[in-house]
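Visitor: Here you go, one structure.
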Amino acid sequence: MLDKTRPGWWKHATVYQIYPKSFQDSTGSGTGDLRGIISRLDYLQQLGIDLIWLSPVFASPQVDNGYDISDYRAIDPMYGTLADMQELIAEGKKRGIGIMLDLVLNHSSDQHRWFLEAKTSRENPYHDYYVWRDGTPDQYPNEMKAAFGGPAWTWVPEVGQYYFHQFAPQQPDLNWENPALRRELYDMILWWMEQGVEGFRLDVIDQIAKEPDLGITGNGPKLHEFLRELSAETFQKGCLVTVGEAWGANLERAKLYSAPDGSELSMVFQFEHILLDQQPGKEKWDLAPLPFVSMKQCFARWQTGLHGQGWNSLFLNNHDLPRIVSRWGNDQEYREKSAKMLATMLHGMQGTPYIYQGEELGMTNIRLPIDQYRDLETLNLYEERIAAGYSQEEVMTSIYARSRDNARTPMQWEDAPSAGFTSGTPWLSLNPNYHQINAAAQVEDETSVFHYYRRLNALRKQYPVFVEGDFTLLEPDHPSIFCYLRRWQDQELMVVCNFGDQATDWELPASWKNAEILIENEPWSDRCQLHPWEARMLLRIRQESKQSETADENK
């Protein structure tokens, strides 16, 4: 187990994201819950993870899948009780697994007691917990649009004002300019720390500093001032891990977010690599081939840019993204092999890796009739694009590739009714391939994707080069090979991956002929060629270090 009292322990950790609704149902309701998660902790311990990032389980009207919180200190009844959460925290600790809560500090639900009070009167103390502007019913304060469509302003007749919301109207933005509001949030975070929580994922945290009069919804001038105060008042009072979701992050901002002095956050989620396979300037639904060379260079830029100056979060999947083996891999003929290659590529880098539930099994995207999708974004997209004249085939192709429901299909536990997820009717359709792709089968098979991830998790703890090493991109312009080098003290790690369905000529450098193979997704039969989706990690101890040690011994 990791020593989580040691500063920077999270650099050695692996995080596993759970989307509670789809992980494990313990009641037969068809929806996952906390007790279901408790029942699967032994599985996660076997995988070798150190933290569970739990997508929101707070009390919520569920307008936006729990990212509209109505009570920060209560668990939504669909997931269980506070006692269940306390048991999950305790049982996780027994296995060396901490809980990272998903906190939304940019906005609340419009059903939160603060907002219910705020809209009754301008004189109510809670009124200033939110962002208001004067106006008239037929004249918005400005033309700003919400991320989910429509105006970013909603009129409240009782106070004769508009409130600001960057997302749904049911998600009013919090006013971080108000110190009383900030104090309420800090006290809530400290209360969760007292419950034993070991970390927080902070939703759209770069948008808490906003200036809507100027059209600024994120990265406002006071952002880092707010983050430093937040950290000092809460996170720095314990040895916690924190990660901020920041779609607007660039390298320079990321260095502030994740500065080694811990003044703001442990690390940041940035999404530059995730935006590469869509048409420039268009939406995620407007598909484009992955620009492979640009993707390699993107990863290399972040690896070298943050080395010694910040910290990377490593991810290819989450609850909003399609399954990576379907997106960047080959989910048919080479599903297992490409899943292992993608894991090799990512887990050899510097940073804290995140595994999204089912990624360790190579779970794939799903294709459903449009009336079986549950994701509001997907359903809205279908209506909008059909109305705009797109063909049904065009629209469904985009949905099959990018719908958020691809990531949200229930976890595939076994070849049994409802894949062992529930004894009832699942809230979202199961992927039919659960008969072939499931945890029970893979746990029993030492060659499975599951055991490949387990070995990667163990390697990261065994060799310091994974955490400490620098990064050098090799073959930067090669059209299918992703190869890089990590170095720390006497350890050198080489990661080589063939990204695609075609074999390619490539010869291992002579100086690496006797290197140890730490992990590979197929036996290396031809050292002058890489087969489709072939990948491996090699380790060597630099000879000059060995010679130095020998000389010291002979003195």
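Where a number appears in this text, it was derived from the coordinates with a stated rule and is not lab data. Note that the coordinates shown come from a computational prediction; the quantities given were computed from them, not determined experimentally. Cβ placement follows ideal geometry from the backbone for every residue including glycine, while neighbour counts extend to all protein chains displayed.
Visitor: Which entries in the list K11/K93; K461/K513; K222/K284; K337/K513; K11/K340 go over 20 Å, if you measure between the two C-alpha atoms of each? Before the final figure, lay out the partial values.
Guide: Numbers: K11/K93 18 Å; K461/K513 25 Å; K222/K284 30 Å; K337/K513 24 Å; K11/K340 22 Å.
Distance filter (> 20 Å) returns K461/K513; K222/K284; K337/K513; K11/K340.
Visitor: Something else: Evaluate the relative contact order of region 468-554 (contact order divided by residue number), counting alpha-carbon pairs under 8 angstrom at least 6 apart; express in whole percent. The partial results should precede the final answer.
Guide: Working: 147 pairs, mean separation 24.0, N = 87.
This gives 28 percent for region 468-554.
Visitor: Okay, next question. Calculate how large, on average over all directions, the projected area of the Cα convex hull of region 468-554 is; give the answer in nm² to one decimal.
Guide: One quarter of the hull surface, i.e. the mean projection, equals 6.4 nm².
Visitor: What distance in nm lies between label points placed 7 Å from Cα along the C-beta direction at F271 and A441?
Guide: Inter-label distance under the simple model: 3.4 nm.
Visitor: Relative contact order of the chain, please, whole-number percent, based on alpha carbon pairs below 8 angstrom and at least 6 residues apart.
Guide: For the chain, the relative contact order is 13 percent.
Visitor: Follow-up. Around A13, under 12 Å between beta carbons, what's the net of Lys plus Arg minus Asp minus Glu among the other residues?
Guide: Net local charge, A13 excluded: +2.
Visitor: Next up: Assuming R0 = 25 Å, can you tell me the calculated FRET efficiency for the pair N433 and Q46, based on Cβ-Cβ distance, to the nearest 0.05?
Guide: Calculated value: 0.65.
Visitor: Among R327, R486, which comes first, second and so on when ranked by fewest other beta-carbon atoms within 10 Å?
Guide: R327, R486
Visitor: Let me ask something additional. Taking neighbour Cβ counts within 10 Å as the exposure measure, how do S326, S294, S266, S109 sort from fewest upward?
Guide: Numbers: S326 20, S294 13, S266 24, S109 27.
Sorted ascending by nearby Cβ count, the order is S294, S326, S266, S109.
Visitor: By a straight-distance test (C-alpha under 15 Å), which aspartates and glutamates pair with K145 as possible cross-link partners, with residues fewer than eight away in the same chain excluded?
Guide: Here the aspartates and glutamates satisfying the reach criterion relative to K145 are D173, E211, D213.
Visitor: Expressed as a whole number of Å, what is the distance separating the alpha-carbon centroids of region 63-84 and region 422-498?
Guide: Taking the Cα centre of region 63-84 as reference, the centre of region 422-498 is 32 Å away.
Visitor: Length gain on complete extension for the stretch Q462 to Y186, per 0.36 nm per residue less the alpha carbon to alpha carbon distance?
Guide: 95.7 nm
Visitor: How do I208, I481 line up, fewest other C-beta atoms within 10 Å first?
Guide: With the fewest neighbours first, I208, I481 line up as I481, I208.
Visitor: Starting from the Cα of R228, step 7 Å along the direction of its Cβ; do the same at Q529; then give the gap between the two resulting points in nm.
Guide: If labels sit at R228 and Q529, their model points lie 5.9 nm apart.
Visitor: Give me the distance in nm between label points sitting 7 Å out from Cα along the Cα-to-Cβ direction at S121 and M1, one decimal.
Guide: Calculated label separation equals 5.2 nm.
Visitor: Which whole-number percent gives the relative contact order of region 34-165, counting Cα pairs below 8 Å spaced six or more residues apart?
Guide: 20 percent
Visitor: Moving to a separate point now. Residue separation times 0.36 nm, minus the C-alpha to C-alpha distance between R540 and Q489: what's the value?
Guide: Taking 0.36 nm per residue and subtracting the Cα distance, the gain is 17.2 nm.
Visitor: At 0.36 nm per residue, and after removing the present C-alpha to C-alpha distance, how many nm does the segment from E516 to V156 gain when stretched out fully?
Guide: Extending this stretch completely gives an extra 122.9 nm.
Visitor: Show that you can apply the helix-only estimate: for the chain, add -39,500 (n - 2.57) for every DSSP H stretch of four or more residues, divide by all residues, and state [θ] at 222 nm to the nearest 500. Provide the component values of the computation, followed by the final result.
Guide: On the way: 17 runs with 161 residues, N = 555.
So the helix-based figure for the chain works out to -8500 deg cm²/dmol.
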